[in-house]
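This report refers to the structure that appears directly beneath it.
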Amino acid sequence: METVVNIHIEKLPEGYFLATSNEVQGLVAQGRTITETLEIARDVAKKLLEAQSENQNKKLISLDGGFDYPLVVGL
């Protein structure tokens, strides 16, 4: 099953990228690149959502076909 989680990515002064989410409590991921940060955030989100589901017997929202993904492009 898949679900959509909105995350916020910011570049830290040290050059790393930080991902957080208001939708998944505890989601914090840091990487050297945006791609690495997204991969780490995906793994962390999956583990946190699984733990929340097990603890609260919550049903996750499933995706039937597609979804919109906000892509930020700097010019």
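Nothing in this text is a laboratory measurement; each read-out follows from the coordinates by a stated rule. Just so it is clear, the model here is predicted, and its values are computed rather than measured. Methodologically, a virtual Cβ is constructed for each residue, glycine included, from the backbone with ideal geometry; neighbour enumeration extends over all protein chains shown.
Ranked by Cβ crowding within 10 angstrom, fewest neighbours first, how are Ile7, Ile34, Ile40 ordered? Don't skip to the answer; put the middle values down first.
Working: Ile7 19, Ile34 13, Ile40 16.
The order, fewest Cβ neighbours first, is Ile34, Ile40, Ile7.
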Residue-wise HN-Hα coupling along the range 39-47, computed from phi with Karplus coefficients 6.51, -1.76, 1.60 (Hz; x: Gly, Pro): 4, 5, 4, 4, 5, 5, 4, 4, 5
Which net charge results when you count Lys and Arg as +1 and Asp and Glu as -1 among the other residues whose beta-carbon is under 11 Å from that of Tyr16? -1
